[in-house]
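S.K.: Dropping a structure here in structure tokens format, bear with me for questions.
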Amino acid sequence: MKSLILGAGVLALFTGAAQASPQDDATAPIGAFVAAFDKGDMKGAAAQLSDSVTIIDEASPYVWTGPNALGGWAHDLLAGDAKAGVSGESVSISPASRVEIDGDNAYVVVPAVYSFKDHGAPMSETAEMTFALHKGVGGWKIAAWTWTGPRATPAH
């Protein structure tokens, strides 16, 4: 009997270790959002957002809110890039440098690099993306995000 109880305890320990942590659960929509947007999958990107999201970014008009925020932001960003001679845009993110979870709310900071070409010249912009997320019936969703960092510099 002791062996059975010990075996069940060990199995429970390993099963728990294999499950995603609360931090992994809260950060998963961020990786999915960036990956979908980089592929041009706006439907996939939108699936990671709450019904009414707020976006703050360096492209004018700098803030977008509500159910059409993603579409408005993407349109303004890409129109501004085209006007400025920017092409080949992509974002890569690193694991979160800070995750705070309080019940159904989370605050996550993610190091990011925006790579693109400015009139054909490779550029790189190191920044941080800060996310506020809310956990509802459908899991964690991004409620707001912002891009923060210095201007781009020539890539090395």
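S.K.: Can you tell me the FRET efficiency between Asp25 and Asn68 if r is taken as the Cβ-Cβ distance and R0 is 25 Å, rounded to the nearest 0.05?
M.R.: Using R0 = 25 Å, I get an efficiency of 0.35.
S.K.: Turning to a different aspect of this structure: So what's the net charge close to Asp81: Lys and Arg +1, Asp and Glu -1, counting the other residues with Cβ under 15 Å from its Cβ?
M.R.: Combined, the nearby Lys, Arg, Asp and Glu give -4.
S.K.: Sticking with this structure for a sec: By how many nm would the segment from Lys117 to Ala47 grow when fully extended, if each residue of separation counts as 0.36 nm and the alpha-carbon distance is taken off?
M.R.: Full extension from Lys117 to Ala47 adds 22.4 nm.
S.K.: Under 25 °C and 0.890 mPa s, how fast does region 32-85 diffuse according to Stokes-Einstein, given a Kirkwood radius computed over C-alpha pairs? Answer in µm²/s, whole number.
M.R.: The calculation lands on 215 µm²/s.
S.K.: What's the local net charge at Ser60, with K and R +1, D and E -1, over the other residues with C-beta under 13 Å away?
M.R.: -3
S.K.: Using the beta-carbon distance between Ala84 and Glu128 and R0 = 22 Å, what value does 1/(1 + (r/R0)^6) give for FRET efficiency, to the nearest 0.05?
M.R.: Given R0 = 22 Å and the Cβ-Cβ separation, E is 0.45.
S.K.: A further question follows. Can you check what the net charge comes to around Ala143, using other residues whose Cβ is under 15 Å from the Cβ of Ala143 (Lys, Arg +1; Asp, Glu -1)?
M.R.: -2
S.K.: Among Lys43/Lys141; Lys39/Lys117; Lys39/Lys135; Lys83/Lys141; Lys43/Lys135, which pairs are too far apart, with a Cα-Cα distance over 22 Å?
M.R.: Lys39/Lys135; Lys83/Lys141
S.K.: Would you calculate, for the chain, the mean residue ellipticity at 222 nm contributed by helices, counting each DSSP H stretch of 4 or more residues as -39,500 (n - 2.57) and dividing by all residues, to the nearest 500?
M.R.: That comes out to -11500 deg cm²/dmol.
S.K.: Once you order the gyration tensor axes a ≥ b ≥ c over the Cα atoms, which shape class does the chain get: rounded for a/c under 1.5, otherwise prolate or oblate by comparing a/b with b/c?
M.R.: Here the chain falls in the prolate category.
S.K.: Still on this structure, please answer the following. Under 10 Å, Cα contacts only: if you run a Gaussian network model on the chain, which one of Gly72, Gly120, Gly138 comes out with the highest mean-square fluctuation?
M.R.: Sorting by GNM fluctuation, first place goes to Gly138.
S.K.: Let me ask something else about it. With r as the distance between the Cβ atoms of Asn105 and Ala35 and R0 = 35 Å, compute the FRET efficiency 1/(1 + (r/R0)^6) and round to 0.05.
M.R.: Efficiency at R0 = 35 Å is approximately 0.90.
S.K.: Would region 62-149 count as rounded, prolate or oblate if I go by the C-alpha gyration tensor, calling it rounded below 1.5 in a/c and otherwise prolate when a/b exceeds b/c, oblate otherwise?
M.R.: Since a/c reaches 1.5 but b/c is at least a/b, the shape of region 62-149 is classed as oblate.
No value in this document is a laboratory result; all are computed from the given coordinates. Quantities reported herein were computed from a predicted structural model and do not represent experimental measurements. As a convention, Cβ positions derive from the backbone with ideal geometry for all residues, glycine included, and neighbour counts pool all protein chains shown.
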